[in-house]
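Report on the following structure.
The values are calculated or read from the model by the stated rules, or taken from the named source; none is laboratory data. The shown structure was predicted, so the numbers you read here are calculated from the model rather than taken from an experiment. Cβ placement follows ideal geometry from the backbone for every residue including glycine, while neighbour counts extend to all protein chains displayed.
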């Protein structure tokens, strides 16, 4: 998709948004549409939490029902630079609604029934995404903006006089033309879901359509009767190839015979779409690398950090640094993240980016090394707590499909603060990556939540760096148990964990209290620890926390 102009409409204009998403998803309920009005972002209205409104925002009035609520929302939005308000259709347009919309200069749009707010937000942001990173030079392929699949779809639709979709190998809709209302109910369902419905995909597979489609470069005609209910218009499809690789397909909804002219037009169109798909693929890689470089530079806090923040449109803003990483559930959060492929980490980062941008306009996300970083604008009070809720919601959404842990750094007001926030987030992330001692695993945390655990890890590093060995009372107990002379380390651990309660400690150790008392006396004798000394108990607890992470005591040389 282009970030420049096509036919006089900018990619980030209201007119272009309605051209691409109108009829199928959006309808104008009331108000004058200025096609050149800039769209600066997408905001989901939340009556319980005042969002940050970028200039020229399209506001999604999720849950706004009734004329009174709509009129009140329009009045509330009057103090902000809002381009349009979207509510669920059918929209109840009363005199009060008309008066409020006209007074505030905010047109009201209706979201088609059956379409979800998540789909609409994703589509709107996909149309606006090209403006996220500075200015880019507009290229063209076949007279169309390079990579602008929606413009390509509209051009092909004009050539063959039929609404079309451009789909990938998984039957996901990458772009669609206008005039979709001329097709049938199944096409509308496909556009709204951005995916060919499963029942139709199964039918196409059973009919051998995909086999024929990907076998050669000739168009395939699909009889609508064989596809079942909801399909009344004939489909003509052709594969999109780059050499031997099938990139996707073009699907036209039109009746009539497949004439030589239609065949030639579709073949030429497939070649053009292939060029644009390759450009989209290459552009996505370039944009990903550029964003990673900008985010990485901003996080380091060096000489180029200010420029990087400016190009990310975050200069002068208060932000929280988010650090996230995939973890292996089977290994209870292994500290070895390299078991995940680059593709897995990139998919996770892309999912995080979509979520952060959906809840907070202007956020920047990138994969740097094996860690996904996010710069989340943090204006207002309780910014850190709000950031925690945002990432908790993200982890809840991705569930077990992407098991991960996320650390939230403290809010930062300047370049130096961003570097400190990143350092804090990395310390927290290290704690979260550690194997969990119990089944209940923490997945999101701030520095204040895991300060003690973080200090223990730093203590472990210090001991390892100095080459210190496990010694003292706990070291003697470890050596004693290594010779097979009893479970004295576990006994001391259970006693300390249960605050000296013999009954509870014995139950936790699955032994009789008298047996436990005997073992505890032996532990005190072997180690020389004074269990009545608070400092000695604290020292033993620290050493026990370090077990398994420190070098074992050296074996004594034979005399």
Residue identified as farther than 30 Å from residue 435 by Cα, at pLDDT 85 or above, touching a helix residue (DSSP H, G or I) at 6+ places or on another chain (Cβ under 8 Å) and surrounded by 22 or more Cβ atoms within 10 Å (Cβ to Cβ) among 324, 298, 305, 315: 298
Can you name every residue in segment 229-250 that is touching a helix residue (DSSP H, G or I) at 6+ places or on another chain (Cβ under 6 Å) and either on the phi > 0 side of the Ramachandran plot or not assigned by TED's automatic domain parsing to the domain that holds residue 186 (or both)? 230
Which residue pairs have Cβ atoms closer than 6 Å, lie 6 or more positions apart in sequence or on different chains, and pair a first residue in segment 492-512 that is at positive phi and in the same structural domain as residue 532 (by TED's automatic domain parsing) with a second residue that is in a helix (DSSP H, G or I) and surrounded by fewer than 16 Cβ atoms within 10 Å (Cβ to Cβ)? none
Test each condition in (1) part of a helix (DSSP H, G or I); (2) in contact with a helix residue (DSSP H, G or I) (Cβ under 9 Å, 6 or more places away or on another chain); (3) touching a residue at least 40 places away in the same chain (Cβ under 8 Å); (4) buried (at least 22 other Cβ atoms within 10 Å of the Cβ) for residue 373 and report the one that comes out false. (1)
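Is it the case, given these coordinates, that residue 269 is over 33 Å from the mean Cα position of the chain (by Cα) and part of a helix (DSSP H, G or I)?
Working: over 33 Å from the mean Cα position of the chain (by Cα): yes; part of a helix (DSSP H, G or I): yes.
It is true that residue 269 is over 33 Å from the mean Cα position of the chain (by Cα) and part of a helix (DSSP H, G or I).
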Reported set for segment 490-504 where residues are over 13 Å from residue 537 (Cα atoms) and surrounded by fewer than 20 Cβ atoms within 10 Å (Cβ to Cβ) is 490, 501, 502, 503, 504
Evaluate segment 191-202: report whether one residue or more is under 27 Å from the mean Cα position of the chain (by Cα), within 20 Å of residue 257 (Cα to Cα) and crowded, with 22+ Cβ neighbours inside 10 Å. no
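Can you pull out the residues in segment 99-118 that are on the phi < 0 side of the Ramachandran plot and either without any contact (Cβ under 8 Å) to a residue 40 or more places away in the chain or surrounded by fewer than 17 Cβ atoms within 10 Å (Cβ to Cβ) (or both)? Quick ask: steps written out before the conclusion?
As a first pass, look at segment 99-118 and keep what is on the phi < 0 side of the Ramachandran plot: 99-104, 106-113, 115-118.
Passing the criteria: 99, 100, 102, 103, 104, 113, 116, 117, 118.
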Residue within segment 449-457 that is buried (at least 17 other Cβ atoms within 10 Å of the Cβ), modelled with pLDDT of 90 or more, in contact with a helix residue (DSSP H, G or I) (Cβ under 8 Å, 6 or more places away or on another chain) and not assigned by TED's automatic domain parsing to the domain that holds residue 541 present: no
Among (1) touching a strand residue (DSSP E or B) at 6+ places or on another chain (Cβ under 8 Å); (2) buried (at least 21 other Cβ atoms within 10 Å of the Cβ), which single condition is residue 231 missing? (1)
Criterion first (farther than 30 Å from residue 50 by Cα, over 19 Å from the mean Cα position of the chain (by Cα) and exposed (fewer than 14 other Cβ atoms within 10 Å of the Cβ)) does residue 465 satisfy it? yes
In segment 376-391, residue farthest from the chain's Cα centre (by Cα) [restricted to those that are crowded, with 20+ Cβ neighbours inside 10 Å and under 20 Å from residue 419 (Cβ atoms)]: 378
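Going through 172, 199, 187 one at a time, which residue ends up being within 22 Å of residue 244 (Cα to Cα) and modelled with pLDDT of 85 or more? Reasoning before the result, please.
Working: 199 fails: within 22 Å of residue 244 (Cα to Cα); 187 fails: within 22 Å of residue 244 (Cα to Cα).
Matching residue, one of 172, 199, 187: 172.
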State whether one or more residues within segment 513-535 are within 25 Å of residue 434 (Cβ to Cβ), assigned to a helix (DSSP H, G or I), at pLDDT 80 or above and not assigned by TED's automatic domain parsing to the domain that holds residue 447. no
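Can you find a residue in segment 476-483 that is loosely packed, with under 13 Cβ neighbours inside 10 Å and part of a helix (DSSP H, G or I)?
Taking segment 476-483 and keeping what is loosely packed, with under 13 Cβ neighbours inside 10 Å, we get 482-483.
Subset that is part of a helix (DSSP H, G or I): 482.
Yes: one or more hits.
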